[in-house]
Amino acid sequence: MIAWLGWRLVSFVATLLVASLVVFLVMEVLPGDPASVMLGMGARPESLAALRAQMGLDEPLLQRYVFWVARLLVGDFGRSYTYSVPVAELIGQRVLISAPLAILAIGLSTLLAIPLGVHAASRRGRAGDVAVMGVAQIGVSVPNFWLGLLLILCFAVWLPWLPAGGFAGWDKGVWPGLRSLILPAVALALPQAAILARVTRSSVLDVLRADYVRTALAKGVSPRRALWRHAVPNALIPVVTIIGLQFSFLLAGTIIIENVFSLPGLGRLIFQAIAQRDLIVVEDMVVLLAGSVILVNLLVDLVYAVIDPRLAQGEAR
Amino acid sequence: MREGRDMAQGFSARRVAAIALATALAGVVQVGTAEAAKDTLILAMTLEPPHMDPTAGAASAIREVTYANIYEGLTRIDAKGEVQPGLAENWTVSPDALTYTFKLRAGVKFHDGAAFDCSVVKFSYERAVAPDSTNAQKGLFEPIAATSCPDANTAVVTLKRPAANFLFSMGWGDAVMISPASAATNKTNPIGTGPFRFKNWVKGDRVVLERNDAYWGAKPALASVTIRFMSDPSAAAAAIAAGDIDAFPIFPAPETLDRFKTDPRFTVKIGTTAGKTIMSLNNTRPPFNDVRVRRALAHAIDKRAIVDGAMSGFGAPIGSHYVPTDPGYVDLVNTYPYDIAKAKVLLAEAGVKPGTPITITLPPPPYARRSGEVIAALLQQVGLAPKLVPMEWAQWLEQVFKNSDFDATIISHTEARDLDIYARDKYYFNYQSPEYKALYKQYLESRDPAQQTALLGELQRKLASDEPNVFLFALAKTGIWSAKLRGMWDNNPIPANDVTGVSWAE
């Protein structure tokens, strides 16, 4: 187990280093100069040079990369070119929106998808199954930004229950903050729930064909207990894998959804930062996102071990 | 599967799903849209400003938050684009047009309590031209030779050469008065002399301004102004319909305006801006170095069709680099009437063969992307092979604007009265005309208003004749706000959301 963790740690650091180098070089190669984005079409060359010097962009490439990584190692994320505030502060404010949004979306999609998937599997070929899979088919095909617009139309314009966008702020209390996140979370969750329900259904169906389920039924276990005690736990591995993958996907999905709902989250920050060539913000965020994706994968591996003790023993290396 | 059917009895998944749905929808019910108090305003903008210092950044969004609300200059541009007194009560100009003497308002204080006097004027103007200045419009200050202070309430600005637009220029956001004490921190904590002070900024979401009770002039009717940033046009339309915002003065989706026009809750105002939307041509690159080709393109492009097709009918066709609201405007729209046959003849004369490719680079704004589609279709009609290349803003600035590496591009020049760009030695579309430069110099140095107007007309005619770029249309300002709001700016002569005169009707 310790060796396994050690190995994971090495690959964690290596992945981050590669990610940092790649994003740094890509942002360098990308045409566009942060100073000319800031000063626009009326700028004089000498003003651009002065601003580049102010931002430290006149220093050699290698030196900038090494200094950036070195500062990251001691927890210094640097200062945003456009906003002129510490990047850590920017990210800190926005995590408070994106993280609850992601958790809400994942929670919602899991809560919807697993029961529905199991239900569909247990009634394979019958009305319940057809209904669930039909809705899931639509859910898989609908892009989440369009769903977001529909939700705004229904629940903010026609039925004025929820805000059409923007974020009330946690300082106003938990409920006003949460209210701003409901529609975006649903918009993110429904398409994911559709995928998850299909995976759950096919995974449960596979397990239901297994010998031990038949044995359980043969020795008199009730069908419900056979499903929930014997079939579902064994069917969860692929479901957890998909949830893990979906979490990484959510980080990208929020870029679009946060724009549709005008939420000041991480997705919008990185979107704006790329457009404005706020290099340092993009670089920091890519490294952080890469780090969190790796962490989620690690977490998924640990969950495997909990769900299936065989994996913990067999694959400990 | 038989097992499955048996299991269905008493199966709880349905119940779990029902509970999950109920949780998702619970609480949704509690609402209650409180009637907006009569002294607050929620205004929305498409883009968020990168920071709050208009003297160190070009983004229009900076001015749309801060101009006239937080910061003030010596002069001030009003909703009609006219120069009004700002922090200078009045001024006199010497007969040689080289010395401007400003009488400053007494007793004006910055939001942090610092006093405004002539030393601030000297500091602000000298800072703008300093070698390390990052002013986005450093050129505006270039004519200034010196600023001196005979007494605290008098500022004397001497120029190196006459500058016809000087008072107008000093009313721009780039020329606002900045206190030495707060100049370094204005990006994050803007301190001006205006009727509103900065309260807070939730990055990515909103900026809140509150009334400055110590303001030197008439106090604004609004006690607080919240400016929200909504980048998605459909979501913006929904937010207005839902009543989440009171005003969207520069609304990004003109095609949705019709449904607001018929709704009595809203005022829809189509105003003007200083934005000259043009198809810029690379004047040194063949075949655009041939005036016959440029004229042919002008004949091939139906300006009305672009305004109707790409801008939902909002915007006035133009025939030169000047908009109808600018002083001394001459109507040259029909210099090159839409005429396919004529365009083909001119192209043939210039030796441009049918099927000649022309690459049109399109920056991100919707006006550019949509106009590009229409123009491509029009150019095909005269036998050219247009290719549209959409481009990110940063890349456009680098490749097209800085390196002049392009055939044609569509862009709106939003700086007001910027005829000077055609007189520059180096500018991205590479127009070089000694005659134009001489005319422009004459205009700058003329002191007689009648002569100035005549020269402005000459400049426009010269541009229309040389057609360095195909002049398309003046960008309209499409605004929506609550029908109960009074005092909103109909037009945008400069980028601003001046809410100092805004109030709610009873």
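The single condition from (1) away from every other protein chain (no Cβ under 11 Å); (2) charged (D, E, K, R); (3) over 25 Å from the mean Cα position of the chain (by Cα) that residue A:76 fails is (3). A single entry from A:40, A:32, A:56, A:75 fulfils the requirement of being buried (at least 19 other Cβ atoms within 10 Å of the Cβ) and among the small types (Gly, Ala, Ser): A:32.
When you look at residue B:443, is it in a helix (DSSP H, G or I), modelled with pLDDT under 95 and out of contact with any Lys or Arg (no Cβ under 8 Å at 6 or more places or on another chain), yes or no? Spell out how you get there, then give the answer.
On the way: in a helix (DSSP H, G or I): yes; modelled with pLDDT under 95: yes; out of contact with any Lys or Arg (no Cβ under 8 Å at 6 or more places or on another chain): yes.
So residue B:443 fits the description; yes.
The listed residues are B:93, B:129, and the only one of them that is outside the structural domain of residue B:195 (by TED's automatic domain parsing), under 27 Å from the mean Cα position of the chain (by Cα) and among the β-branched types (Val, Ile, Thr) turns out to be B:129. Selection of segment A:155-177 for residues being assigned to a helix (DSSP H, G or I) and either within 8 Å of another protein chain (Cβ to nearest Cβ) or modelled with pLDDT of 85 or more (or both) yields A:155, A:156, A:157, A:175.
If you go through segment A:110-124 one residue at a time, do you hit one that is polar (S, T, N, Q), within 11 Å of another protein chain (Cβ to nearest Cβ), in contact with a Phe, Trp or Tyr (Cβ under 8 Å, 6 or more places away or on another chain) and in a helix (DSSP H, G or I)? Please lay out each step first, then the result.
The initial filter retains those residues of segment A:110-124 that are polar (S, T, N, Q), namely A:110, A:122.
Next, from what is left, pick out any that are within 11 Å of another protein chain (Cβ to nearest Cβ): A:110, A:122.
Next, from what is left, pick out any that are in contact with a Phe, Trp or Tyr (Cβ under 8 Å, 6 or more places away or on another chain): A:122.
Imposing the further condition that a residue be in a helix (DSSP H, G or I) reduces the set to A:122.
Yes: one or more hits.
Segment B:347-423 holds no strands (runs of 3 or more DSSP E) entirely within its bounds that carry 3 or more residues that are crowded, with 17+ Cβ neighbours inside 10 Å and over 24 Å from the mean Cα position of the chain (by Cα).
Taken over segment A:223-233, the criterion of being without any contact (Cβ under 8 Å) to a residue 60 or more places away in the chain and either more than 10 Å from chain B (Cβ to nearest Cβ) or not in a helix (DSSP H, G or I) (or both) is satisfied by A:229, A:230. Any residue in segment B:129-147 that is more than 14 Å from chain A (Cβ to nearest Cβ), in contact with a Lys or Arg (Cβ under 6 Å, 6 or more places away or on another chain) and surrounded by fewer than 17 Cβ atoms within 10 Å (Cβ to Cβ)? Checked segment B:129-147: at least one residue is more than 14 Å from chain A (Cβ to nearest Cβ), in contact with a Lys or Arg (Cβ under 6 Å, 6 or more places away or on another chain) and surrounded by fewer than 17 Cβ atoms within 10 Å (Cβ to Cβ). Of note, residue B:53 satisfies the criterion of being modelled with pLDDT of 50 or more and at the interface with chain A (Cβ under 10 Å from one of its Cβ atoms). Candidates B:389, B:374: the one that is farther than 19 Å from residue B:465 by Cβ, within 14 Å of chain A (Cβ to nearest Cβ) and among the aliphatic types (A, V, I, L, M) is B:389. Which condition does residue B:435 not pass, out of (1) modelled with pLDDT under 95; (2) over 29 Å from residue B:83 (Cβ atoms), if it passes all the others? Of (1) modelled with pLDDT under 95; (2) over 29 Å from residue B:83 (Cβ atoms), only one is false for residue B:435: (1).
State yes or no: is residue B:490 over 30 Å from residue B:245 (Cα atoms), at pLDDT below 95 and among the acidic types (Asp, Glu)? Quick ask: steps written out before the conclusion?
Details: over 30 Å from residue B:245 (Cα atoms): no; at pLDDT below 95: yes; among the acidic types (Asp, Glu): yes.
Considered against the rule, which asks whether it is over 30 Å from residue B:245 (Cα atoms), at pLDDT below 95 and among the acidic types (Asp, Glu), residue B:490 comes out as no.
Go over the candidates B:100, B:67 one by one and state the one that is in contact with a helix residue (DSSP H, G or I) (Cβ under 6 Å, 6 or more places away or on another chain), crowded, with 21+ Cβ neighbours inside 10 Å and at pLDDT 95 or above. From the options B:100, B:67, the qualifying one is B:67.
For residue A:134, indicate whether it is within 30 Å of residue B:187 (Cα to Cα), loosely packed, with under 15 Cβ neighbours inside 10 Å and more than 11 Å from every other protein chain (Cβ to nearest Cβ). So residue A:134 does not fit the description; no. Residue check: residue B:92 meets all listed conditions (1) farther than 29 Å from residue B:488 by Cβ; (2) crowded, with 20+ Cβ neighbours inside 10 Å but one, namely (2). Go through segment B:63-74 and give me each residue that's in a helix (DSSP H, G or I) and either charged (D, E, K, R) or at the interface with chain A (Cβ under 10 Å from one of its Cβ atoms) (or both). Of everything in segment B:63-74, those that are in a helix (DSSP H, G or I) and either charged (D, E, K, R) or at the interface with chain A (Cβ under 10 Å from one of its Cβ atoms) (or both) turn out to be B:63, B:64. Residues of segment A:201-218 that are within 10 Å of chain B (Cβ to nearest Cβ) and of a type in the set (Val, Ile, Thr): A:204, A:213.
Picking from B:267, B:262, B:188, B:256, which residue would you name as being in contact (Cβ under 8 Å) with a residue 60 or more places away in the chain, among the hydroxyl-bearing types (Ser, Thr, Tyr), surrounded by fewer than 24 Cβ atoms within 10 Å (Cβ to Cβ) and under 26 Å from residue B:479 (Cβ atoms)? Give the derivation first.
Numbers: B:262 fails: in contact (Cβ under 8 Å) with a residue 60 or more places away in the chain; B:188 fails: under 26 Å from residue B:479 (Cβ atoms); B:256 fails: in contact (Cβ under 8 Å) with a residue 60 or more places away in the chain.
Exactly one of B:267, B:262, B:188, B:256 is in contact (Cβ under 8 Å) with a residue 60 or more places away in the chain, among the hydroxyl-bearing types (Ser, Thr, Tyr), surrounded by fewer than 24 Cβ atoms within 10 Å (Cβ to Cβ) and under 26 Å from residue B:479 (Cβ atoms), namely B:267.
Residue-level analysis places residue A:169 among those that are without any contact (Cβ under 8 Å) to a residue 24 or more places away in the chain, surrounded by 15 or more Cβ atoms within 10 Å (Cβ to Cβ), assigned by TED's automatic domain parsing to the domain that holds residue A:249 and on the phi > 0 side of the Ramachandran plot.
Looking at residue A:292, is it among the hydroxyl-bearing types (Ser, Thr, Tyr) and facing chain B (nearest Cβ under 10 Å)? Break it down into steps so the answer makes sense when it comes.
On the way: among the hydroxyl-bearing types (Ser, Thr, Tyr): yes; facing chain B (nearest Cβ under 10 Å): no.
So residue A:292 does not fit the description; no.
Taken over segment A:104-127, the criterion of being more than 22 Å from the chain's Cα centre (by Cα) and surrounded by fewer than 19 Cβ atoms within 10 Å (Cβ to Cβ) is satisfied by A:124, A:125, A:126, A:127. The condition (being among the acidic types (Asp, Glu) and in contact (Cβ under 8 Å) with a residue 60 or more places away in the chain) is satisfied by just one residue among B:498, B:405, B:425: B:498. For the condition of a type outside the set (D, E, K, R) and farther than 30 Å from residue B:391 by Cβ, residue A:23 does not qualify.
Given the criteria closer than 30 Å to residue A:76 by Cα, touching a residue at least 12 places away in the same chain (Cβ under 8 Å), crowded, with 19+ Cβ neighbours inside 10 Å and charged (D, E, K, R), does residue A:179 qualify? No: the conditions fail for residue A:179.
The values are calculated or read from the model by the stated rules, or taken from the named source; none is laboratory data. Every value quoted in this text rests on a predicted model; they were computed, and no experiment measured them. Cβ sites come from the backbone with ideal geometry, for glycine too, and all protein chains shown count toward neighbours.
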